[in-house]
Structure formats: structure tokens, C-alpha cells
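Visitor: Take this structure, written in C-alpha cells, and hold onto it; I'll ask about it next.
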Amino acid sequence: MTMANSSKHNLVKHQVKIGGMQCSFCTETIRNALSKMNGVYQVRVSLSHEEALIYYDLGRVTSEQLENTLRSLGYSVRSPDKLRSFEEEEADLRHLAILGRCVNCRG
């Protein structure tokens, strides 16, 4: 997860890779949940890149809290700088095959 400082308040940018997103409903669920957090100013979620860019006030919320929110929604979180191993890719595919659909669309 990478961060870059901003001159406005204690704003930082947090980039995180997200596993388990399958549809536009997933991106909206993530955007809505993170946007409701105290100290989060902007959230951009990309389904095609499987990542989120989160702009937040470091004095009001931590990157760990942001990532725990993603995990509580049922998504996996990983560093954008780390390549996933074959085993990690395979485990995600197996998980999706068992569920049959994304974490938000299962009925």
C-alpha cells in the first residue's frame, strides 16, 4: 500500500489492491463504505485494475482502519507493489468458484 503526502491538512493518498471485486455493485459498495468513514475525503475504485485510491486525513483515520473496512465487506487486500503468487491467484479463483458469484451478489 502506497501513500503520498498532500499539503492540505494531513491528507494522504492510500493505494490498495482489492481481491474479490466482480461487478459495478462491488465498486459502489466499496466506495460507499469507505466514503462514510470519518476523515475520508475521496474514494476512487477501479474494477479493471482491482484497486482503490483513497484520500483521507491521517489524523482522523488510519490505513489499517480502511483496510479492515474492506475486509469486513468480504474483500481481500494486498499491496499494489507485491505481485501475487500463483498460489494466491489459485486460491482466489477457487474461492470465487465455490461462491459462484461476487461477495455482494450472492443470494
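Visitor: I need a count of the residues in segment 47-61 that are modelled with pLDDT under 95, touching a strand residue (DSSP E or B) at 6+ places or on another chain (Cβ under 9 Å), assigned to a loop (DSSP other than H, G, I, E, B) and not hydrophobic (A, V, I, L, M, F, W, C).
Guide: 2
Visitor: Here are the criteria: (1) outside any strand (DSSP E or B); (2) surrounded by 12 or more Cβ atoms within 10 Å (Cβ to Cβ); (3) at pLDDT 95 or above. Tell me which single one ASN38 does not satisfy.
Guide: All conditions pass for ASN38, except number (2).
Visitor: So, in segment 16-32, how many residues would count as being surrounded by fewer than 16 Cβ atoms within 10 Å (Cβ to Cβ), farther than 12 Å from LEU73 by Cβ and in contact (Cβ under 8 Å) with a residue 24 or more places away in the chain?
Guide: Residues in segment 16-32 being surrounded by fewer than 16 Cβ atoms within 10 Å (Cβ to Cβ), farther than 12 Å from LEU73 by Cβ and in contact (Cβ under 8 Å) with a residue 24 or more places away in the chain: 2 in total.
Visitor: What do you reckon, is SER7 loosely packed, with under 12 Cβ neighbours inside 10 Å and modelled with pLDDT under 90?
Guide: So SER7 passes the test.
Visitor: Every residue in segment 18-34 that is more than 12 Å from ALA52 (Cα to Cα) and of a type in the set (Lys, Arg), please.
Guide: Those that are more than 12 Å from ALA52 (Cα to Cα) and of a type in the set (Lys, Arg): none in segment 18-34.
Visitor: Right, something else. Are any residues in segment 8-35 part of a strand (DSSP E or B) and not polar (S, T, N, Q), and if so, which ones?
Guide: LEU11, VAL12, LYS13, HIS14, VAL16, LYS17, ILE18, GLY19
Visitor: Would you pick out the residues in segment 62-76 that are of a type in the set (Ser, Thr, Tyr), exposed (fewer than 15 other Cβ atoms within 10 Å of the Cβ) and either assigned to a helix (DSSP H, G or I) or in contact with a helix residue (DSSP H, G or I) (Cβ under 8 Å, 6 or more places away or on another chain) (or both)?
Guide: The one that is of a type in the set (Ser, Thr, Tyr), exposed (fewer than 15 other Cβ atoms within 10 Å of the Cβ) and either assigned to a helix (DSSP H, G or I) or in contact with a helix residue (DSSP H, G or I) (Cβ under 8 Å, 6 or more places away or on another chain) (or both): SER72.
Visitor: Next question. When only residues in segment 8-48 that are closer than 17 Å to THR62 by Cβ and β-branched (Val, Ile, Thr) count, which is farthest from the chain's Cα centre (by Cα)?
Guide: VAL12
The values are calculated or read from the model by the stated rules, or taken from the named source; none is laboratory data. Being a predicted model, the structure only gives us computed values, none of them experimental. Positions of Cβ are generated from backbone atoms using ideal geometry, with glycine treated the same way; all protein chains shown enter the neighbour counts.
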